[in-house]
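What follows is a structure written as structure tokens; I'll ask about it next.
Read-outs: derived from the displayed coordinates by stated rules, not from any lab. Because the structure is a prediction, the values reported are computed rather than measured. Using ideal geometry, Cβ is built from the backbone for each residue, glycine included, and neighbour counts are taken over all protein chains shown.
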Amino acid sequence: MKLVTDRGVAVLQAACDLDLSESVLRRWMRELSAAPAAAFPGNGQMRADLAEIAALKKEVVRPRAERDILKKSTAFFAREAT
């Protein structure tokens with residue numbers, strides 16, 4: 001990105017130098033200009049939709065554990081009754 005923005009290298013040339021597709025480099029540049037703070041999620045940053053998915057997965061852990069305990073206790077008491 002800095003090759004293109006700071007040094008004035010053509011996008012096609014920068015893409016070839018970095019062994020990237022020109023469309024990928026252009027998309028990255030669009031994302032950077034649209035939302036610089038959220039352009040490159042990863043390094044400690046998460047996109048909002050991925051953060052929500054992670055939070056929901058954490059939320060689901062306890063109900064699943066409770067369900068599994070209830071299933072096991074139902075099976076246990078069914079065996080005790082016979």
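Quick check: convex hull of the Cα atoms in the chain, volume per residue, rounded to a whole Å³?
136 Å³
Moving on to the next point. Quick check: the angle from helix 48-81's long axis to the longest principal axis of the chain, C-alpha only, nearest 10 degrees?
With both axes taken from Cα atoms, the answer is about 20 degrees.
Taking the alpha-carbon distance from residue 72 and a cut-off under 28 Å, which lysines remain once sequence neighbours fewer than 8 residues away in the same chain are dropped?
57, 58
While we're here: Average projected area of the Cα convex hull of the range 1-40, in nm²?
2.6 nm²
Report the extension gain between residue 9 and residue 34 in nm, rounded to one decimal, defined as 0.36 nm multiplied by the number of residues separating them, less their alpha carbon distance.
6.9 nm
With charges only on Cβ, +1 for K and R and -1 for D and E, what is the dipole size of the chain about its Cα centre, in debye, rounded to 20?
380 debye
Could you tell me which of 35, 10, 23 has its Cα farthest along the dipole of the range 1-40 towards the positive end, charges placed at Cβ (Lys, Arg +1; Asp, Glu -1), taken about the Cα centre?
Toward the positive end, the furthest listed residue is 35.
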